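What follows is one structure encoded as structure tokens, with my remarks underneath.
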Amino acid sequence: MNLLKISRKYHRWLMLFVGVQFVIWSVSGAYMVIFDIDYIHGDSLVENHQTKINQDNIAYPLAKLIQAYPDAERLEMGVFLGKTVYRFKQGEQDFLIDAHTGQLLSPLNQTMAVKAAQHYYTGDGEVAEVELITQDPPFELSRRVLPAWRVNFDDFGSPSIYVSAETGKLVTKRHEFWRTFDLMFSLHVMDYEDEDPSNWLLFWVLLFALSASILGLILTYFRVFKSGVDEGDSVESDDDNDSHKSANKGSDKSKTSLNQEVS
């Protein structure tokens, strides 16, 4: 079995195996290139509020906070819906405390979560749906930030704003084009859970695809460069055959005429 036959055989079977993935790579790659990455990341969906802390609003002293929460860690101050607040962690739970009254604001109720989402959101859409997620988060939300409120808005792309139920911070944001981008990326890297490009499935498919491409180049070489030589050889052989046929016909004629003279 020569190289041409081997290349044709294995190229056909390899392309049957990886051909569908070639189409998926083309479609998913085109989607990720066409859309602007800043729009996909939803940077225009939210506003980064840079509110300064007003010291006059701090009426609840830090000493009382430490006394009430002696194991507080990672203590920080910030602004939440116009209020100066303390944020800290104690054990496995995060806390949000009003720095003026000392009132515990966490976990956020639905009303406060909607106000926070509207505060972060830059669009004009109305609130369509509100949900508190405490377990089994969707693929777009990390389990580490639970519990979190998801506030969906009735706007272009069906945007969703995720707010931490414990800290009141913006956790993440999503819209349908971003969700589709995540799907396309997972199909592109062939990791359908963690979206990690370093996986064995992708490695083996790439290896098979590379082998199919090399075999395709071999077939192209035989088709483009070898076809002219083969045709030239066939023409020469045809000329030789014609000359042999002519010679045979001439000899036959000579034999016929000789026989006639003898008779």
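Some values worked out for this structure:
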| read-out | value |
| --- | --- |
| Yes/no for Gly91 being in contact with a His (Cβ under 6 Å, 6 or more places away or on another chain), modelled with pLDDT under 95 and not β-branched (Val, Ile, Thr) | no |
| Conditions (1) open to solvent by less than 40 Å² (accessible area, probe 1.4 Å); (2) on the phi < 0 side of the Ramachandran plot: number failed by Leu207 | (1) |
| Residues of segment 140-183 that turn out to be in a loop (DSSP other than H, G, I, E, B) and either closer than 30 Å to Gln90 by Cβ or among the hydroxyl-bearing types (Ser, Thr, Tyr) (or both), as a count | 11 |
| Counted residues, segment 119-135 - those being more than 16 Å from Thr172 (Cα to Cα), among the β-branched types (Val, Ile, Thr) and open to solvent by 80 Å² or more (accessible area, probe 1.4 Å) | 0 |
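The values are calculated or read from the model by the stated rules, or taken from the named source; none is laboratory data. In this text the structure is predicted, and so the values were computed from the model without any measurement. Glycine also receives a Cβ, built like all others from the backbone with ideal geometry; neighbour counts cover every protein chain displayed. Note: accessible area is taken over every heavy atom of the protein model, side chains too, but ligands, DNA and RNA are not part of it. Shrake-Rupley method; radii C 1.70, N 1.55, O 1.52, S 1.80 Å.
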